[in-house]
Amino acid sequence: MSSGIFDVNEYSITIEEAANTVKAKLLKYEQLRKPRVMIICGSGLGGIVNILQEPRIELRYEEIPGFKSSTVSGHAGKLVFGLIGDNKVPVMCMVGRLHFYEGYTFQETTFPIRLAKAIDIETVVVTNAAGGVNSDFKVGDLMLINDHINFPGFAGFNALRGPNLVEYGPRFLPLSDAYDFDLRRLFFKSKKKLGIDRTVHEGVYFFAAGPTYESRAEVRMIRTLGGDAVGMSTVPEVVVARHSQLKVLALSLITNVGVGEKPPSALDESPVRLDEGMANHEEVLEAANEASKDVQKIFEATINQL
Ligand code: HPA
């Protein structure tokens, strides 16, 4: 069973070892030595790494104690360190994230966040691909997360289940303001200043453990419960980031819209077949690619001011 009792001392020692590995790698690069921002690249958003300027160095997950490799679509995953914007803000970019549905425990999927804290990073920028549940949302829209529903958490699958890491944060963590107001504001200001007209909503991210996509009835349930977008990541990372007193900015790219209409009835002799299932895959990839370019520009301008 995931995230039950684990050896908290061993876990803390491994975090230290990972931090030492990263620090040793960065030692030669004066400007990179103290990364201030961590960026987690979601599906279709790996291009964010392109905004990192030289010196740019990489560490593969296998080189870092405690890191698991992503099992999704073959790429093992790496940390990329570099600089952002005219102000040369040092950042650590995580390309290839770990998901609960891959079978990892929450201690494993959120290990990179603990590492970020251990090397004194202050802010985490989390991105993901998500399904639109709010009927106003279109493929290619963005949503800045201003709150979440940790659905697996209600059944006990909370990233903080198990012994508390007291040196990081409290046993009972408040989450009413997890998504930093000032960072969200800065994001919107940067977007406006750049004159980018892509739709950016603010809304509630509904964490579903996956790996299946939602049924029609589940889409309706999520809508009723107040979710605006649904995805299989982010919330465990945000919970652990907040437990580690890191500031959080989180962004969803809407790659498809959830289908909530009831299926045609077999009782009906001439049923009207619904043909508006999942969006066409090519369109989704295209939308992700286009949106990703806007995200890169807005992030560059936002992170430059941190
Ligand atoms: N549901 C869950 N996760 C997702 C989706 C979705 O529709 N789209 C991208 N990630």
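The values are calculated or read from the model by the stated rules, or taken from the named source; none is laboratory data. Fair warning: this is a prediction, and the values are worked out from it, not measured in the lab. When we count neighbours, we look across all protein chains shown, and the Cβ atoms used for this are built from the backbone with ideal geometry, even at glycine.
Couple of notes before you dig in:
- Among the residues of the stretch 220-274, those that are within 16 Å of the ligand (Cβ to nearest atom) and either of a type in the set (Lys, Arg) or in contact with a Cys (Cβ under 7 Å, 6 or more places away or on another chain) (or both) comprise ARG220, ARG223.
- Residue match in the stretch 185-195 (condition: within 16 Å of the ligand (Cβ to nearest atom) and either surrounded by 19 or more Cβ atoms within 10 Å (Cβ to Cβ) or part of a strand (DSSP E or B) (or both)): no
- For the stretch 138-174, the set of residues classified as touching a strand residue (DSSP E or B) at 6+ places or on another chain (Cβ under 8 Å) and in a loop (DSSP other than H, G, I, E, B) consists of LYS138, VAL139, GLY140, ASP141, ASN158, listed by residue number.
- The residue of the stretch 77-121 that is nearest to GLY47 (Cα to Cα), among those that are modelled with pLDDT of 95 or more and of a type in the set (Gly, Ala, Ser), is GLY82.
- In the stretch 146-164, the qualifying residues are those that are within 14 Å of the ligand (Cβ to nearest atom) and either among the aliphatic types (A, V, I, L, M) or closer than 24 Å to VAL91 by Cβ (or both), and the one that is surrounded by the most Cβ atoms within 10 Å (Cβ to Cβ) is HIS148.
- Members of the stretch 96-110 found to be in a helix (DSSP H, G or I) and within 16 Å of the ligand (Cβ to nearest atom), listed by number: PHE100, TYR101, GLU102, THR109
Residues checked against (1) assigned to a strand (DSSP E or B); (2) under 13 Å from VAL91 (Cα atoms):
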{"site": "TYR11", "(1), (2)": "no, no"}
{"site": "ILE15", "(1), (2)": "no, no"}
{"site": "LYS28", "(1), (2)": "no, no"}
{"site": "GLY47", "(1), (2)": "no, no"}
{"site": "ASN50", "(1), (2)": "no, yes"}
{"site": "ILE57", "(1), (2)": "yes, yes"}
{"site": "PHE67", "(1), (2)": "no, no"}
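- Any hit, the stretch 207-214, residues being within 10 Å of the ligand (Cβ to nearest atom) and free of Cβ contacts under 8 Å to residues at least 40 places away in the same chain: yes
- The lone exception for CYS93 - which of (1) under 14 Å from the mean Cα position of the chain (by Cα); (2) more than 20 Å from GLN296 (Cβ to Cβ); (3) not basic (Lys, Arg) it fails: (2)
- Filtered residues of the stretch 111-130 (kept if surrounded by fewer than 24 Cβ atoms within 10 Å (Cβ to Cβ), more than 16 Å from the ligand (Cβ to nearest atom) and among the small types (Gly, Ala, Ser)): ALA118
- Among (1) outside any helix (DSSP H, G or I); (2) over 24 Å from ASP136 (Cα atoms); (3) modelled with pLDDT of 95 or more; (4) of a type in the set (A, V, I, L, M, F, W, C) - the single one VAL240 does not satisfy: (1)
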